[in-house]
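The values are calculated or read from the model by the stated rules, or taken from the named source; none is laboratory data. Just so it is clear, the structure is predicted and the values come from calculations on it, not from any experiment. Backbone-built Cβ (ideal geometry, glycine too); neighbour counts: all protein chains shown.
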Amino acid sequence: MKTRDKILLSSLELFNERGERNVTTNHIAAHLAISPGNLYYHFRNKSDIIYEIFLEYEKLVDFYLDIPEDRAMTLDDMTFYLESVFDGLWSYRFFHRDLEYLLDGDQRLRQDYREFTNRCLASISRIFEKLADAGIIEPQEDDLRAAMSLNVWLVITNWMAFLKTAHAAEESACLTLTELKQGIYQVLTLEIPYLTPAYRDQVMALREKYRPSLPEINLASENAASCK
């Protein structure tokens, strides 16, 4: 693996574990056992590292939201989209923990994230269209579908912040991947009023698999955890 790629991978690991604001370029260099000068040869500063990590995250989500146009959508497709998007949130969780701070600090990132958001909203809207075409949900007017897409995006991007604030009083609490994916329950809840009778029971059963355990926190050892 090239040094540049190692820097990005190690930075992502450290940002996720400790929080981006608690990690300096010197920490990253020390973690890799390279000199700060070697790191600066590849990246001018920490902002450049964060920006490159975002570009990788952006590509990952774009890949996850690649919607098949040559066949009908299935519940398996819907489950894949939701699982994959929340997996991506987990893998790049530092970004959404400090999103406002990071966007305020980098104009490039702010502009790219705005375009990324619009692209994601368009993909979510298209997914709703395809679900309606498949008879899983009832068709919606454009305005309603746009509002539903925005609500889904808000749940996805703010679920981590909610968990953090909901458990703020518990100093030992650590966010787990299982808890993060409980946000899928909230997303599926938004679809309930629009489910067709033929698929209602299946979607409700799927939703139940992600029912949140709040306010209690599951600290089971088999769950990967992040205390930041």
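Elements of the type helices (runs of 4 or more DSSP H) sitting completely within segment 36-113 and holding at least 2 residues that are surrounded by 14 or more Cβ atoms within 10 Å (Cβ to Cβ) and among the hydrophobic types (A, V, I, L, M, F, W, C): these cover 46-64, 75-91, 93-97, 99-104. Considering segment 206-228, the residues that are of a type in the set (A, V, I, L, M, F, W, C) and surrounded by 10 or more Cβ atoms within 10 Å (Cβ to Cβ) include one that is modelled with the highest pLDDT, namely 206.
Free of Cβ contacts under 8 Å to residues at least 12 places away in the same chain and not basic (Lys, Arg): is that true of residue 131 in this structure? Judged against the criteria, residue 131 is not a match.
In segment 91-106, the residues that are at negative phi and in contact (Cβ under 8 Å) with a residue 12 or more places away in the chain form Cβ pairs under 7 Å with partners that are outside any helix (DSSP H, G or I) and of a type in the set (Ser, Thr, Tyr), at six or more places apart or across chains, as follows: 93/226. Looking for something small (Gly, Ala, Ser), farther than 18 Å from residue 152 by Cα and in contact with a helix residue (DSSP H, G or I) (Cβ under 8 Å, 6 or more places away or on another chain) - is there at least one such residue anywhere in segment 69-78? Yes, segment 69-78 contains a residue that is small (Gly, Ala, Ser), farther than 18 Å from residue 152 by Cα and in contact with a helix residue (DSSP H, G or I) (Cβ under 8 Å, 6 or more places away or on another chain). Check whether at least one residue in segment 22-33 is touching a residue at least 24 places away in the same chain (Cβ under 8 Å), hydrophobic (A, V, I, L, M, F, W, C), outside any helix (DSSP H, G or I) and not assigned by TED's automatic domain parsing to the domain that holds residue 117, and report yes or no. Taking every residue of segment 22-33 in turn, none turns out to be touching a residue at least 24 places away in the same chain (Cβ under 8 Å), hydrophobic (A, V, I, L, M, F, W, C), outside any helix (DSSP H, G or I) and not assigned by TED's automatic domain parsing to the domain that holds residue 117.
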